[in-house]
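Working notes for the structure below.
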There are 2 protein chains.
Amino acid sequence: MNQDYIKPDNWSIIEEGFDVNRVKSSESLFSLGNGAMGQRANFEEQYSGPTFQGSYIAGVYYPDKTRVGWWKNGYPEYFAKVLNAPNWIGINVIVNGEPLDLYTCKSVNHFRRELNMQEGWLSRSFTAILKNGLEVNVSAKRFLSLDLDELGAIQYKIIPTNGDAEITFQPYLDSGITNEDTNWDDKFWDTSSIVQNDCQAFIEAKTMKTDFYTCTYMESSFSINAKPITINPEVQAANNKVVYNYKGLIKQNQVFAIHKFGGYVVDSNHDKSELITVAKQNLEVAKEKGFDQLLEEQKASWAKIWEMADITIDGDVKAQQGIRFNIFQLNQTYLGKDARLNIGPKGFTGEKYGGSTYWDTEAYCIPFYMATKDQNVARTLLEYRYHHLDKAIENAEKLGFKNGAALYPMVTMNGEECHNEWEITFEEIHRNGAIAFAIFNYYRYTGDYSFIPEKGLEVLIGIARFWQQRATFSTNKNQYMILGVTGPNEYENNVNNNWYTNYLAQWCIEYALENISQVKKEYPSDYARIMDKVKLSDSELKDWKSVSDNMYYPYSEKHDIFLQQDGFLDKELITVSDLDKSQRPINQKWSWDRILRSPYIKQADVLQGFYFFEDQFDDETLERHFDFYEPFTVHESSLSPCVHSIQAAKLDRMDQAYTFYLRTSRLDLDDYNHEVHEGLHITSMAGTWMSIVEGFGGMRVSDNKLSFTTKIPEQWSAYSFKVNFRGKILKVNVSQAETNFELEANEAMELLVNNKLITIAPNNLVTV
Amino acid sequence: MNQDYIKPDNWSIIEEGFDVNRVKSSESLFSLGNGAMGQRANFEEQYSGPTFQGSYIAGVYYPDKTRVGWWKNGYPEYFAKVLNAPNWIGINVIVNGEPLDLYTCKSVNHFRRELNMQEGWLSRSFTAILKNGLEVNVSAKRFLSLDLDELGAIQYKIIPTNGDAEITFQPYLDSGITNEDTNWDDKFWDTSSIVQNDCQAFIEAKTMKTDFYTCTYMESSFSINAKPITINPEVQAANNKVVYNYKGLIKQNQVFAIHKFGGYVVDSNHDKSELITVAKQNLEVAKEKGFDQLLEEQKASWAKIWEMADITIDGDVKAQQGIRFNIFQLNQTYLGKDARLNIGPKGFTGEKYGGSTYWDTEAYCIPFYMATKDQNVARTLLEYRYHHLDKAIENAEKLGFKNGAALYPMVTMNGEECHNEWEITFEEIHRNGAIAFAIFNYYRYTGDYSFIPEKGLEVLIGIARFWQQRATFSTNKNQYMILGVTGPNEYENNVNNNWYTNYLAQWCIEYALENISQVKKEYPSDYARIMDKVKLSDSELKDWKSVSDNMYYPYSEKHDIFLQQDGFLDKELITVSDLDKSQRPINQKWSWDRILRSPYIKQADVLQGFYFFEDQFDDETLERHFDFYEPFTVHESSLSPCVHSIQAAKLDRMDQAYTFYLRTSRLDLDDYNHEVHEGLHITSMAGTWMSIVEGFGGMRVSDNKLSFTTKIPEQWSAYSFKVNFRGKILKVNVSQAETNFELEANEAMELLVNNKLITIAPNNLVTV
């Protein structure tokens, strides 16, 4: 663990005391987002110490020219990159001519930050003694409105406590920002106009190349001792920046306050000629409601989210804080309102990795959104990939595939590939399977088949075509093989016959065939439309069948297990527990070649297959594979502990399941990977939710019913969660003694509990 | 073939006619070098069209900060890069106020370039009509002195042919140059002083970071109609550049000539405070001798090289031109005078790849230098690696090896790694074996064992240690394996048990063990010194033995061949001849993953092993492997055709051998790979020499004697070559009818010809 400065608390993330070495980490941990925009917890006022400034608009990206050491054929020339957006939160503060700057002032006392997850706001307070001797007391609060998602609000109060002071607030907008993560130091933003009036300012800027037109805006108002005042500002506008100077002569112990409203409007939601008009309307609404009412609405909106998504844990405040932090950040990142968006691996908390969509969405995030929101949210996520199908086909064509074969990118923002290691971009192709699996999973959970004839089948066909073409017939083994891949375990590159990939490929083809038949039978007009488009011949279907019927799987008779890949047993099979601790984490201590020839597994690989296709293997088989592979697993991916936690719980290894749970739920809060300053691990947070619901709660869908086998770690006295299953809300309360199921619905619900069928009446409770 | 504008000629490379699209290619092809410095064939006068300016000083490099897309642990932070050096050849020419510039003038006629390989000079002549209507006739000649290797000389004559003209020669020095191949646009040179007097100028500049202090210098003299004249110059010195303006009022048809001497002195050869003094001395010598005498000496020096190194081919002028071009460029690049230097893959003709030393030196170049020069040259090349042993041990330590294990870098300038693809840097480890093989090869050819106790044994021990530690014991197969490598065929990455690598590793260990015993017995004091240093225990030797005695080799019973690597037969085995031509070259047409999972071979891999260890396999075995692997070989490496040519000749497949020969010998002249504008392929040129001497000539060393099985392509009427074998010079003349052996020596020589023992008396001739 890297850090433990976050105070345990059921509902808030709290930091006390100012430490310059924690600023970047806290900027990540206290980030705010509302699904449409977000920002790191940068200070409003000037800060000259180490900081990572970041403000982001959902869906606004920049195609940065690829940078690699050695170019490989097939790399896309440009990769979409998460883009640092113009800054609207800035309020510099000048006290008797000296800028307030926590890095340079004489001392900072009583520093406290709170991210209130229940109500959705961030606050900060401190006392600073400036170099000029003046002491000021500052408290700031801000939030990004969930309801008006182009709007944010800041309240910033300052009190001179040891004398009168001339205090100037300098609220500003700045579009002269840069990305930390830029390949060629390109300019990303082109400012076209700065418009200002007495109290409002607007910067119109568009992204280079992608031409996203944006308007960043602000308006400020002032009070002394809560009494509104009017101050005539001086305004400077130059160099992509507009700064207002509001000077106040403040008596000792008077409270000088600024309320600043601001945010972004973007031409993806409005006509680009109307951006300033819309921004003005937003400001009108904001002023009419005022800061306090907006904050009340914010609390109400978050209460609505928590009502459905909350998980309670009794008797373990760190575990409770961890799961709420995960649920909160997921909801800050993605709310399912916009089909063009997805769940970025760092959300609105950093730039790293580029792109916003990984296979994480399909493999890890969809179950969370399916169960805690309306099922349309999950459907919207599936539609996102449907909209990228043409690009996935193009992507496959670039790599030499044909005839409508689709290879979805490893990472994307707009359907194009955003990754540039050949061993990932070209070879980590199992990602394609996760997209098909998500379609299956959506139907299994929601019972909504309509997505498949409408959109899903085309995706399934493109994916099946890819697998058929990607397989190689080995005359040597008289079977189909998949050569040269990287599995989920990225500590192996360019291996032959990764079992997970082969299994998934075969499943994808069969699932596509199955759905072609079903759509043909049940949705003949959709079938006709699709066939007209994709032009599937009988001989092509025969080719698919030939691959899926004759797939090769590496297997060890001696161990009675599927091998992660050909040759796995030739490695030096020393378990992680026998590895010297000084060698961990191997991704920091070992050179890449050493990692590659070792048996160590970064995240579930064969076991990921057992997680997806649980029904196809009995518990003894799972146990044999878990016992073989987990001891070689170093869990150096944020996505690793959750799957193992679920499987350990299933195998009744509750200690192990609990350890994995803590690791996934407090990964960022406790900074297990020493990198939280770069941003949070958003997508693995959905894995934390799964660890509780599917792991301890044992929730599955079986034959159109929810099924539970609940367990509880001995460290907890009770826990509860809610799921929305096909329009019915089921609350599950698990204590050491018993489990209650509560139903909010108009009709009864059948459940399987420990494999026994139970019926709950509407709005009733059953105890097991 | 990309181009065919080079006129066939026995001794010269000739270009006629001016074509802006050929300028960069010709700049490469007509490059000059003298082992200590070199330069692309850039024009002396201004040229504003597409050009690649390059001037290089042997051994002067820059450690450029590594650039990769995704960093892998173990990459060195800096990679040594071939460095573009200050320009001393520049002479701008102003005619009636208009700069002479072949890109912008009205027309260029009678353009002709000649690289005279026999005499070692470059000339250029043309008639240009300027925009102002004046016609000038220009002829320029330049060379880099072989004897005074810090000195170059230029003669530049201009005749106004349709009127009188005011002509200004502007000879200059410029240290404000940049590299095309720079990762971060760093400044590479720091100019400390510009010193000038009436006719001489000196720029002292040092390289950033590596601190090579250099002085670039020049002096010019003038004549009209060959009558020396004195002109008082105007001088401008600023911005890292010093320019002299020599104005002449030249009558129609008068010859205005400048002779410019210049070059570099470097603190690796002189005290850094003496650089200008030494430069002045060089200029004194140059002036005393004058251009014409220096040119005569140049011819004599090249004659001496050709006397020993020439290969004649009768009846095939393109083949003749090809082999001489190869021999000429090798001698321009490396003459074996300086143990700190090596044979860069692009010599002094380009920047690409960085570093100057690849395994090419040991695997391809040493035989050429051993046979055509004093054996000390080859010994000097071996010493180069001995001097880098500590760095090779450090390099291995960075990758987790210990106890003196040495891994030589894939590419280097100073002993540090200069490559940054993990699949090459970390995994193409067979390079280590080539270094041991070169020691063996040197002893086999020269009979000089002394290198081994003095220096070689330490290298062999470091290498053997590496292999022992790099091998993995597979309990599964009960043998040692080498996992995760890239073989010579770089179209496979991260494979297990590349046969060539495993075979070489086992051989390296055995060869080290053999030499430890021999040195122990025959050089006890060297043995004691070495053992004191390397601390080899009996148990470590036992570990070595255990690896070399139990090495695993992938093998196919069905085909009775060693497999290139585990799983090779699982590929889709379509031969190159069955591959659609539109797919070639695959390194331009296919994405990297497709190449990797294909069976296609970039250059000899298994067959490289058969080349090195020919004696250990009978001809039937070679034939079986050649017939299996060559059909999958695309020869997309410059190093590929030569080995195949030699083996084809051995197998009596003369047509194939001849095709491969042409491909290697005219690779750059005919630009097979469409990249000659970036520079020449210097190291593979030694392979061309081997194709004749070892291929057609069938020369081997067997039991301390030279052995020949001569053959001749039907396209040739005769060919001849000379070799220096242990101080005796043997000339071999092969015609369609017979083979003559001529001996220049004081003692008789025993030879094997077609396996029969023959004795030649001193200075005698034997016909077979």
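The values are calculated or read from the model by the stated rules, or taken from the named source; none is laboratory data. Note that the coordinates shown come from a computational prediction; the quantities given were computed from them, not determined experimentally. Don't worry about glycine lacking a Cβ; one is built from the backbone with ideal geometry, like all the others, and counts go over all protein chains shown. The accessibility values were calculated without ligands, DNA or RNA, using every heavy atom of the protein model including side chains. Shrake-Rupley method; radii C 1.70, N 1.55, O 1.52, S 1.80 Å.
Find every distance from the label point of residue A:531 to the corresponding label point in the other copies (7 Å from Cα along Cα→Cβ) and write them in nm, one decimal, shortest first.
Ordered by distance, the counterparts are at 8.4 nm.
Between residue B:537 and residue B:235, what FRET efficiency follows from the Cβ-Cβ distance if R0 is 60 Å, with the result rounded to 0.05?
Efficiency at R0 = 60 Å is approximately 0.30.
Taking every DSSP beta bridge that has both residues in chain B, what percent is antiparallel when rounded to the nearest 5?
95 percent
Please work out the average accessible area per residue across the range B:374-634, using the 1.4 Å probe convention, and give it in Å².
34 Å²
How fast does the range B:12-309 diffuse by Stokes-Einstein, in µm²/s, taking the Kirkwood radius from C-alpha pairs at 10 °C and 1.306 mPa s?
The estimated diffusion coefficient comes to 79 µm²/s.
What does the charge count around residue B:344 come to, taking other residues whose C-beta lies under 14 Å from its C-beta (Lys +1, Arg +1, Asp -1, Glu -1)?
0
In square angstrom and rounded to 100, what buried accessible area do you get between chains A and B, total over both, with the probe at 1.4 Å?
Buried area between the two chains comes out at roughly 4000 Å².
Which entries of A:206/A:402; B:72/B:187; A:602/B:398; B:352/B:571; A:352/A:535; B:241/B:346 show an alpha-carbon separation above 30 angstrom in the structure shown?
Where the Cα-Cα span goes over 30 Å, the pairs concerned are A:206/A:402; B:352/B:571; A:352/A:535.
Shortest first and in nm with one decimal, please list how far the residue B:674 label point sits from its counterparts in the other copies (point 7 Å along Cα→Cβ).
In ascending order, 4.6 nm.
Got a number for carbon plus sulfur as a percent of chain B's accessible area, 1.4 Å probe?
45 percent
When the Cα centres of the range B:55-112 and the range B:659-693 are compared, how far apart do they sit, in Å?
A separation of 23 Å, based on Cα centres.
Take residue B:758 and residue A:197, extend 7 Å from each Cα along the Cα→Cβ direction, and tell me the distance between the two endpoints in nm.
10.4 nm
As a test of reading the structure, rank A:574, A:760 by solvent-accessible area (1.4 Å probe, protein chains only), most first.
Largest to smallest exposure gives the sequence A:574, A:760.
Across the residues of A:68-78, average count of Cβ atoms on other protein chains within 10 Å?
Partner Cβ neighbours, averaged per residue: 5.
How far is residue A:705 from itself in the other copies, in nm, if each label sits 7 Å out from Cα along the Cα-Cβ line, shortest first?
Result, one decimal in nm: 9.3.
Taking amide hydrogens as modeled 1.01 Å from N in the peptide plane, which residues meet the under 5 Å criterion relative to residue B:764, leaving out close sequence neighbours?
Here the answer is B:743, since their amide H atoms fall under 5 Å of that of residue B:764.
Go through the range A:410-429 and flag every residue whose accessible area shrinks by 50 Å² or more with all protein chains in place compared to the isolated chain (probe 1.4 Å).
A:421, A:422
Through the Karplus equation 6.51 cos²θ - 1.76 cosθ + 1.60, θ set to phi - 60°, convert the phi angles of the range A:522-539 into ³J(HN,Hα) values in whole Hz; use x for Gly and Pro.
Those phi angles translate into 9, 9, x, 6, 4, 4, 4, 4, 5, 5, 4, 7, 8, 6, 8, 8, 4, 5 Hz.
As a test of the formula, what do you get for chain B when each DSSP H run with n ≥ 4 contributes -39,500 (n - 2.57) and the sum is divided by the residue count, at 222 nm and rounded to the nearest 500 deg cm²/dmol?
My calculation for chain B gives -9500 deg cm²/dmol from helical runs alone.
Can you give the average number of partner chain beta-carbon atoms within 10 Å of each beta-carbon in peptide A:491-497, as a whole number?
4
Around residue B:359, with a cut-off of 15 angstrom between Cβ atoms, what is the net charge of the other residues, counting Lys and Arg +1 and Asp and Glu -1?
My count for the surroundings of residue B:359 gives -4.
Provide the FRET efficiency to the nearest 0.05 for the residue A:70-residue B:340 pair, computing r from the beta carbons and using R0 = 41 Å.
Step by step, r from the Cβ atoms, then E = 0.90.
For residue A:193, tell me the accessible area in Å² from a 1.4 Å probe, rounded to the nearest 10.
Residue A:193 exposes around 30 Å² with every protein chain in place.
Taking all protein chains together and a probe of 1.4 Å, list B:627, B:570 from the most accessible to the least accessible.
Ranked list, largest accessible area first: B:627, B:570.
May I ask what percent, to the nearest 5, of DSSP beta bridges between residues of the protein assembly as shown are antiparallel?
Bridges in the protein assembly as shown are about 95 percent antiparallel.
Just report the Cα centroid separation between the range B:708-757 and the range B:203-230, whole Å.
Spelled out, the Cα-based centre of one part sits 47 Å from the other.
Residue A:285 versus residue A:448, label points 7 Å from Cα toward the beta carbon: distance in nm?
2.5 nm
Under the √(5λ) rule applied to the eigenvalues of the Cα gyration tensor, what semi-axes describe the equivalent ellipsoid of chain B? Give them in Å, descending.
47, 29, 26
Need the list of lysines near residue B:756 for cross-linking: C-alpha distance under 29 angstrom, and skip anything on the same chain fewer than eight residues off.
B:373, B:650, B:705, B:711, B:722, B:728, B:731
So if each residue of separation counts as 0.36 nm, and I subtract the Cα-Cα distance between residue B:48 and residue B:21, what length gain in nm does that give?
Length gained between residue B:48 and residue B:21: 8.4 nm.
In whole Å and largest first, what semi-axes does the C-alpha gyration tensor of the range A:101-170 yield when each eigenvalue is scaled by 5 and square-rooted?
Calculated on Cα positions only, the semi-axes equal 28, 14, 9 Å.
Among DSSP beta bridges whose residues both lie in the range B:374-634, state the antiparallel percentage, nearest 5.
That works out to approximately 75 percent antiparallel.
Can you tell me the FRET efficiency between residue B:553 and residue B:704 if r is taken as the Cβ-Cβ distance and R0 is 45 Å, rounded to the nearest 0.05?
Approximately 0.90, to the nearest 0.05.
Between residue A:131 and residue A:715, with labels modelled 7 Å along Cα→Cβ, what's the label distance in nm to one decimal, could you check?
Placing both labels 7 Å along Cα→Cβ, they lie 4.7 nm apart.
Can you work out which chain B residue has the shortest Cβ-to-axis distance for the rotation that carries B onto A, and give it in Å?
Measuring from each Cβ to the axis, the minimum is at B:494, 2.
Provide the per-residue ³J(HN,Hα) series for the range B:576-582, in order, calculated from phi with Karplus coefficients 6.51, -1.76, 1.60 and θ = phi - 60°, each as a whole number of Hz, with x at glycine and proline positions.
4, 5, 8, 8, 4, 4, 5
Using θ = phi - 60° and the Karplus curve 6.51 cos²θ - 1.76 cosθ + 1.60, what whole-Hz ³J(HN,Hα) does each residue of the range B:265-270 get, with Gly and Pro shown as x?
Taking θ as phi minus 60°, the curve returns 10, 10, 6, 6, 10, 9 Hz for the range B:265-270.
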